[in-house]
Every structure is written in C-alpha cells, then in structure tokens.
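Chemist: Sharing a structure here in structure tokens format.
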Amino acid sequence: MERIILKLFLVMAALVAGCTQLAGIKHNPDITLAGIELVEFGLLEQRFILKMRIQNPNDIALHINGITFDVELNGVAFAKGLSDKVVIVPRLGETVMEVKATSTLGMIWKQLGELQKSSRDKVDYRLSGRLFLQGLGSVPFEQKGNVSMPNGADDLEKL
C-alpha cells in the first residue's frame with residue numbers, strides 16, 4: 001500500500017512540475033532570419049546554412065530539441081530543412097541557431113523566373129515552421145520581411 005501511495009505522490013509531483021513549466025511559456029519565441037550562406041551548389045540540389053535568431057520573451061529558459069522550416073522568396077518555395085540540434089535559449093535572452101536547408105534546381109529556376117518577370121528592388125521572404133521544445137511539444141512560428149537587392153557594381157561593393 002505504501003508503494004502505491006509513493007508512486008501516486010511521484011506522479012502527482014511530476015504533473016505539477018510539468019504544469020508549472022508549461023505555465024511559464026506565455027509567449028511563443030520570436031524567430032528571425034539572421035543570415036544565409038550557400039555551402040554546396042550541385043546540379044540537382046543546393047545546400048545552405050541558415051542562421052536563425054531565436055529570442056525568448058519568457059521568464060524560463062527554452063530547451064529546443066528540434067526544428068522544421070520552409071523558406072519562401074516572393075511567395076515561391078525556395079528551401080526547406082529540419083534539424084534535431086539541441087539549443088537552450090536563456091530566459092529573456094536570445095541565441096543564433098545554424099541549420100542546414102536544401103533547395104532543388106526546380107526551386108532555383110522558379111526564383112530566377114520570378115526575378116526576371118519583376119523589376120523589384122526588394123525580395124520578400126517568409127520563414128515558417130515549428131520549434132520542438134523539450135517536454136512541451138511544439139510551437140509554430142512565422143516571420144516575414146524583405147531584403148534590398150543590389151543595383152549593380154556600386155551596390156555590390158557596399159555589401
């Protein structure tokens with residue numbers, strides 16, 4: 001009988017601790033695209049390293065143990081990726097997470113066609129996906145923005 005009571009007590013303590021932890025997550029983390037680097041350019045596939053800035057507006061640390069994401073440029077799919085990388089974002093803090101993304105030749109052709117059609121001086125982007133939080137399931141994220149396009153050699157030198 002004592003063992004049953006002890007087991008029930010341990011289960012209740014774990015549930016209370018879990019609810020307390022969950023109650024600390026009041027706001028979804030903010031994810032922004034901090035950088036992109038081409039690391040491999042193959043005939044059928046291109047690989048990038050994306051740097052994502054993760055900001056935690058909560059009063060508890062976030063233990064991230066995975067991410068899935070999609071990147072669109074000008075409303076057209078550009079790259080996607082996933083990672084099981086473990087990152088801890090401190091309470092009221094931020095960190096930059098580097099993840100690999102993959103694009104296909106078809107996605108690149110669509111982007112080139114879109115750029116030729118328009119005379120835009122900015123490229124719109126959308127980053128969306130899910131963050132997996134240890135013991136808390138997953139939370140969705142979405143971020144939109146734009147990047148100015150260089151206007152020739154003078155602008156390229158400024159980069």
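Rule-based calculations on the coordinates, nothing more; no lab input. Source: prediction; values computed, not measured. Note that each Cβ is placed from the backbone with ideal geometry, even for glycine, and that neighbours are counted across all protein chains shown.
Chemist: In segment 26-51, what count of residues is obtained for those that are polar (S, T, N, Q) and closer than 19 Å to GLY129 by Cα?
Modeler: Of the residues in segment 26-51, 2 are polar (S, T, N, Q) and closer than 19 Å to GLY129 by Cα.
Chemist: Looking at segment 37-56 only, could you name the residues that are closer than 19 Å to LEU127 by Cα and in contact (Cβ under 8 Å) with a residue 24 or more places away in the chain?
Modeler: Within segment 37-56, GLN46, ARG47, PHE48, ILE49, LEU50, LYS51, MET52, ARG53, ILE54, GLN55, ASN56 meet the criteria.
Chemist: Every residue in segment 98-107 that is surrounded by fewer than 16 Cβ atoms within 10 Å (Cβ to Cβ) and of a type in the set (A, V, I, L, M), please.
Modeler: Listed by number, the list holds a single entry, LEU105.
Chemist: Any chance segment 77-97 includes a residue that's of a type in the set (Lys, Arg), surrounded by fewer than 15 Cβ atoms within 10 Å (Cβ to Cβ) and in contact (Cβ under 8 Å) with a residue 12 or more places away in the chain?
Modeler: Scanning segment 77-97, I find at least one residue that is of a type in the set (Lys, Arg), surrounded by fewer than 15 Cβ atoms within 10 Å (Cβ to Cβ) and in contact (Cβ under 8 Å) with a residue 12 or more places away in the chain, so the answer is yes.
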